[in-house]
Amino acid sequence: MVKLWFFIREATKLLAFNVILVEPEIPQNTGNIIRLCANVGATLHLVKPLGFELTDSALRRASLDYSDLTNVIIHDSLEEFLGTTSIDRIFATSSQANTSYHCVQYQDGDSIIFGSESVGLPSTLLDSLPTQNCISIPMMPANRSLNLSNAVAVTIYEMWRQLEFRGCRPFATKTAQYFS
């Protein structure tokens, strides 16, 4: 296990939840997820093999300068992650799961694991979890799946919403600029 980036934030209690990407393949997706994790205060775990180098310019471009604000931990394998990481509850994502992501009552300390863009998570992992811990995002029947970074964003923002956006800066007023 290698801790890649770490930034200590002050003053606010960060959420203790984790995003785990197993064998991500596309650097732009991972870069977007790095930026997302910085914005919600989640720790990102990347499980090797990765489909790109951590120095990939597309990864850096997509994550902008948020890499320094994100706690990213690299694991050599799924087995190593599961064997060395202390996690409270884990939810696995699958387009075949019967529980919708919004039906879960998320708690501080929860972890959500996502598979690679092309094949998803191994069936051995999905089969090892209770059925209610395998979640999916509703979509039209003819479609296979969402883009990985979009799926992570949808799921993580629902989790953060249920936790009342803990750690979030105060909401903007009508006179504030909403986008930078």
Of Leu146, Leu82, Leu121, the only residue that is modelled with pLDDT of 95 or more, closer than 25 Å to Gly31 by Cα and not acidic (Asp, Glu) is Leu121
Here the residues within segment 36-49 that are surrounded by fewer than 20 Cβ atoms within 10 Å (Cβ to Cβ) and either modelled with pLDDT of 95 or more or charged (D, E, K, R) (or both) are Lys48, Pro49
Over segment 95-115, the set of residues in a loop (DSSP other than H, G, I, E, B) and more than 19 Å from His45 (Cα to Cα) is Ser95, Gln96, Ala97, Asn98, Val104, Gln105
- Does any residue of segment 141-148 turn out to be part of a helix (DSSP H, G or I), over 10 Å from Val40 (Cα atoms), touching a Leu at 6+ places or on another chain (Cβ under 8 Å) and not β-branched (Val, Ile, Thr)? yes
Taking segment 97-107 and keeping only residues that are surrounded by fewer than 19 Cβ atoms within 10 Å (Cβ to Cβ) and not hydrophobic (A, V, I, L, M, F, W, C), one is left with Asn98, Thr99, Ser100, His102, Gln105, Gln107
| message | Against the condition of a type outside the set (D, E, K, R) and touching a strand residue (DSSP E or B) at 6+ places or on another chain (Cβ under 9 Å), how does Ala97 come out, does it pass? | response | yes
The condition of being more than 20 Å from Ala38 (Cα to Cα), surrounded by 13 or more Cβ atoms within 10 Å (Cβ to Cβ), out of contact with any helix residue (DSSP H, G or I) (no Cβ under 7 Å at 6 or more places or on another chain) and not β-branched (Val, Ile, Thr) holds, among Leu126, Leu163, only for Leu126
Per the filter on segment 10-35, residues out of contact with any helix residue (DSSP H, G or I) (no Cβ under 8 Å at 6 or more places or on another chain) and either at pLDDT below 60 or of a type in the set (S, T, N, Q) (or both) are Glu10, Ala11, Thr12, Lys13, Leu14, Asn18
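Can we say Asp110 is within 15 Å of Leu163 (Cα to Cα) and either without any contact (Cβ under 8 Å) to a residue 40 or more places away in the chain or buried (at least 18 other Cβ atoms within 10 Å of the Cβ) (or both)? Let's see the steps before the verdict.
Values: within 15 Å of Leu163 (Cα to Cα): yes; either without any contact (Cβ under 8 Å) to a residue 40 or more places away in the chain or buried (at least 18 other Cβ atoms within 10 Å of the Cβ) (or both): yes.
Here the answer is yes, as Asp110 does meet what is asked.
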The residue that is nearest to Val19 (Cα to Cα), considering only those in segment 75-94 that are under 16 Å from the mean Cα position of the chain (by Cα), part of a loop (DSSP other than H, G, I, E, B) and among the hydroxyl-bearing types (Ser, Thr, Tyr), is Thr85
Condition set among the β-branched types (Val, Ile, Thr) and assigned to a helix (DSSP H, G or I), scope segment 150-173, selection farthest from the chain's Cα centre (by Cα): answer is Val154
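The values are calculated or read from the model by the stated rules, or taken from the named source; none is laboratory data. What you are looking at is a predicted structure, and each value in this text was computed from that prediction instead of being measured. Heads up, the Cβs are rebuilt from the backbone with ideal geometry, glycines too, and the neighbour counts pull from every protein chain shown.
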